[in-house]
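First comes the structure, then the notes that go with it.
The values are calculated or read from the model by the stated rules, or taken from the named source; none is laboratory data. Owing to the predicted nature of the structure, the values given are computational and were not obtained by experimental measurement. Here the Cβ positions follow ideal geometry from the backbone for every residue, glycine too, while neighbour counts run over all protein chains shown.
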Amino acid sequence: MPETANFDALISEFYKVWFCYHPVAAIFAGVPGYEGLLAADGDDDVGALSSWLSNLLLGLEELRYEALDPDRQLDLQLIFGAAMIEHRMLLEQDWRHRDPARYLPLRPLQELMVRQPASLCEALQGILERTGNYLRDARTQLAELPELVSTLWLAEALEMSEAGLPWLHRLHGELPQAHQCCAEQGRLQELGSSAAEVIEDFRQFLINDLVPEAAGGSDCGPEQVDRLLTHRHQLPLTGEQALALARQQQARYLRHLDELGIDQEALGEQYVFEADLSGDARCQAYREESARFKAFVEAQDLLELPSQPLEFRVTDGCFSRPDCGSYLRSEGGGILLIPDERRQLKGGETLSAIRLRCLYAGWTGRHYLAWAGGVQAHSLVRQINPSAAFKRGWAHYISWLLEARGFFTREDMVLLARRRLALAEQALVDLEFHMGRLDSHQALDRLQSLLDYPAPGLAESRLTHLSRRPTDAFMALIGVAMIEQTREVVLRQEPELSLKAFHSRLLAHGAVSLPLVVKRVFGETVWEEVSGAVLGQETGER
């Protein structure tokens, strides 16, 4: 069998199994057949996953890398790094004894309500029917070593279950109009109520049995930080070097504040107070601001925008705060998800907040990334392994280009300054927390300082997110600098190249590991110059 066929077969067989442990990832990737499942969690299941990961790594090592075409070479590097990280985490930090929030079925249910697959009703029923046995097994796993349970993730589980209980009781009534499930309506109501009772029992178990005993952390440890930097992000850095680089970027953002004439000491209290928009006026503002971004980018010739349309939908079928996502890729185009006003902390939204949400999720952000490069840039491996440099860092990169061209108002720029500083602070907290330099209380104090507006629980939500995606905030921060430096190097070498053409080439192979993308598209020499300029003082490459 040719090497390409061997690789394709290996990947196909692996994901058929892997999605049983990550059914929500299958929903994200649009892979059918896993919608009604909860993650396999038995001892035999986890042992089998460990074997599958080990066999995948061995199988990939046996392939002749040079015999693969460039697209498969890129996919191989991505999946090899991801499998290595997951295998080590499974062996060293088994989530089943540490993470009660991961057992709750609420997030999979919410993803189904937002994404609305063709099998929505069957999938909802499947998850609800499995909830009872699943949470009974969870109690057994968590009760074995209660002192290992993460106090942060335990708090998340308690908050999720409290918010999710009333939502489950009304779930049958919040189905999208196209999925009324007719004959199943009564069955869904019954299953939702039964699942709510089971979750309430599980919640009491958490309060009575785990809260007094739980003493576990949610940091991954300095060794894992080093592995993530090397194998997920493909960066030649240690955690210590990454910390120094994050501080450099923070200093850069502080210098920009001085250039804007904004007092950095006052910024912590300088909230943008504009009139909140609500109702039809709010939805209309989303449409108008999105159209403004599109027209401006086209006039400035910055991006090759996708032909697929961008629609808007209020996400009213969610239980979590503040919302349940920002963008959804559909078969015919993209959907910018507008948070339901009832779940907004302030009710409505300011025009500046709407504008920045359009920046992140609309024509300049997620919608652009979702379609850039065409079908070939969105292989299954790449959909499952996006880079935070693009997923989060890209919008910050674009914001600098738009700011330099006069797109934003003064109010926007104050909000952008806060968010850039918040990204830098989150990158530092991300690294310091996972390397054991900060406990959760210290991390929360740091994150609280640069919120868009005072909001109970928002800092906790951000810390929980950082705890689950170690090093991603750092990669988003350094990714902005790396994209900027790549642009500078490439345009210096090819002065006739337009910004639009540069961006199209950069995204031609997907929004994945930035070092791999730069090497693939522009060559090793360009990467060495970019790496030397951005990382050089810390790695000795300069």
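Select from region 504-542 the residues that are among the polar types (S, T, N, Q) and modelled with pLDDT under 95 and write down the one among them that is surrounded by the fewest Cβ atoms within 10 Å (Cβ to Cβ). Explain how you work it out, then say what you get.
The first filter runs over region 504-542 and keeps only residues among the polar types (S, T, N, Q), leaving 504, 513, 525, 531, 537, 539.
From the residues that got through so far, the ones that are modelled with pLDDT under 95 too are 537, 539.
Values: 537: 14, 539: 16.
Among those residues, the one meeting the criterion is 537.
Check whether at least one residue in region 150-161 is at pLDDT 95 or above, of a type outside the set (D, E, K, R), surrounded by fewer than 21 Cβ atoms within 10 Å (Cβ to Cβ) and more than 25 Å from residue 113 (Cβ to Cβ), and report yes or no.
Yes, region 150-161 contains at least one residue that is at pLDDT 95 or above, of a type outside the set (D, E, K, R), surrounded by fewer than 21 Cβ atoms within 10 Å (Cβ to Cβ) and more than 25 Å from residue 113 (Cβ to Cβ).
Quick check on residue 169: is it at pLDDT below 90 and not aliphatic (A, V, I, L, M)?
Answer is no for this residue.
Residues that are farther than 21 Å from residue 252 by Cβ and either within 14 Å of the chain's Cα centre (by Cα) or not assigned by TED's automatic domain parsing to the domain that holds residue 514 (or both): does region 392-399 have at least one?
no
Can you tell me which residue is surrounded by the fewest Cβ atoms within 10 Å (Cβ to Cβ) among those in region 392-415 that are part of a helix (DSSP H, G or I) and modelled with pLDDT under 95?
Here the residue is 410.
Which one of the conditions (1) within 27 Å of residue 300 (Cβ to Cβ); (2) surrounded by fewer than 23 Cβ atoms within 10 Å (Cβ to Cβ) does residue 438 fail to meet, given that it meets all the rest?
(1)
Restricting to region 23-72, name every residue that is exposed (fewer than 13 other Cβ atoms within 10 Å of the Cβ) and either of a type in the set (S, T, N, Q) or touching a Phe, Trp or Tyr at 6+ places or on another chain (Cβ under 9 Å) (or both).
33, 51, 61
Which condition from (1) touching a residue at least 40 places away in the same chain (Cβ under 8 Å); (2) surrounded by fewer than 22 Cβ atoms within 10 Å (Cβ to Cβ); (3) more than 30 Å from residue 436 (Cβ to Cβ) is the one that residue 460 breaks?
(3)
What residue, among those in region 373-390 that are modelled with pLDDT under 95 and assigned to a helix (DSSP H, G or I), is nearest to the chain's Cα centre (by Cα)?
377
Looking at 320, 307, which one is among the polar types (S, T, N, Q), outside any helix (DSSP H, G or I) and over 30 Å from residue 496 (Cα atoms)?
Checking each option against the conditions leaves just 320.
So, in region 21-40, exactly how many residues are closer than 20 Å to residue 125 by Cβ and outside any helix (DSSP H, G or I)?
Taking region 21-40 and keeping what is closer than 20 Å to residue 125 by Cβ, we get 23-24, 26-27, 31-40.
Narrowing the set further to residues that are outside any helix (DSSP H, G or I) leaves 31-40.
Counting residues in region 21-40 that are closer than 20 Å to residue 125 by Cβ and outside any helix (DSSP H, G or I) gives 10.
Would you be able to tell me the number of residues in region 466-500 that are touching a residue at least 60 places away in the same chain (Cβ under 8 Å), within 20 Å of residue 399 (Cα to Cα) and part of a helix (DSSP H, G or I)?
Number of matching residues: 15.
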